[in-house]
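The values are calculated or read from the model by the stated rules, or taken from the named source; none is laboratory data. Remember, it's a predicted structure, so these values are computed and weren't measured experimentally. Backbone-built Cβ (ideal geometry, glycine too); neighbour counts: all protein chains shown. Areas reflect the complete protein model, heavy atoms only, side chains present, ligands, DNA and RNA absent. Shrake-Rupley method; radii C 1.70, N 1.55, O 1.52, S 1.80 Å.
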Amino acid sequence: MRTALVIVVPEAEPLVGHLREQYDHPAGGLGVPAHVTLLFPFGDDPAGLEELFAGVAPFDFSLSHTARFVEDSVLYLAPEPAEAFVRITEALVSRYPEFPHFGGQYEAVIPHLTVGYDVPKDVEESLRPSLPLRARAETVTWLEEHPDGRWRERRRFALGG
């Protein structure tokens, strides 16, 4: 069973939820909420997570602009300050080296909220007037994939204890 640690961004659902269902084939319609991934894949042992997240203060951020990963044409919303997400991801990878970020597929940690794959340019343009979108990270959600392919919340951890 695959699991992931994410910061859910409910503030983004009204803007991108319907687009994620249409264009985010790996997650859209499978119970995965709009989110910024901290660590995927992750394991089944939560030992140390509560303590790690207790040392991270809740923080405000903005989904400031659209961008794309060129290699696979993924449209995403970029969170700022990105450093807050990077620090958490680096702390997780340091604590759990057996779970490198995205399986070690990418060297750099680029925080993002995926909108979808091969999203037409006019759809991307339609998002821009609604940005920046302000949000607050107060919890980290541990998601797990079930045998039916749907993802569900396994547990939630408070930032700042």
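Table: residues versus (1) surrounded by fewer than 17 Cβ atoms within 10 Å (Cβ to Cβ); (2) over 14 Å from residue 110 (Cα atoms).
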{"site": "43", "(1), (2)": "yes, yes"}
{"site": "55", "(1), (2)": "yes, yes"}
{"site": "58", "(1), (2)": "yes, yes"}
{"site": "65", "(1), (2)": "yes, no"}
{"site": "76", "(1), (2)": "no, no"}
{"site": "81", "(1), (2)": "yes, no"}
{"site": "86", "(1), (2)": "yes, no"}
{"site": "89", "(1), (2)": "no, no"}
{"site": "92", "(1), (2)": "no, yes"}
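May I ask you to list the residues in the range 121-138 that are open to solvent by 50 Å² or more (accessible area, probe 1.4 Å) and either closer than 28 Å to residue 54 by Cα or in a loop (DSSP other than H, G, I, E, B) (or both)?
Scanning the range 121-138 gives 132, 134, 136, 138.
Return the residues of the range 96-108 that are farther than 21 Å from residue 16 by Cβ and either part of a loop (DSSP other than H, G, I, E, B) or touching a residue at least 60 places away in the same chain (Cβ under 8 Å) (or both); say none if nothing qualifies.
Answer for the range 96-108, where residues must be farther than 21 Å from residue 16 by Cβ and either part of a loop (DSSP other than H, G, I, E, B) or touching a residue at least 60 places away in the same chain (Cβ under 8 Å) (or both): 96, 97, 98, 99, 100, 101, 103, 105, 106, 107, 108.
Regarding the range 46-60, can at least one residue be identified that is assigned to a strand (DSSP E or B), touching a residue at least 40 places away in the same chain (Cβ under 8 Å) and under 14 Å from the mean Cα position of the chain (by Cα)?
Taking every residue of the range 46-60 in turn, none turns out to be assigned to a strand (DSSP E or B), touching a residue at least 40 places away in the same chain (Cβ under 8 Å) and under 14 Å from the mean Cα position of the chain (by Cα).
Of 17, 28, which residue is surrounded by 19 or more Cβ atoms within 10 Å (Cβ to Cβ), farther than 20 Å from residue 81 by Cβ and either among the basic types (Lys, Arg) or under 16 Å from the mean Cα position of the chain (by Cα) (or both)?
Just a single option satisfies the conditions, and that option is 28.
In the range 35-67, which residues are under 18 Å from residue 158 (Cα atoms) and aliphatic (A, V, I, L, M)?
Listed by number, the residues that qualify are 36, 38, 39, 47, 49, 52, 54, 56, 57.
Touching a strand residue (DSSP E or B) at 6+ places or on another chain (Cβ under 8 Å), farther than 20 Å from residue 58 by Cα and assigned to a helix (DSSP H, G or I): is that true of residue 116 in this structure?
Answer is no for this residue.
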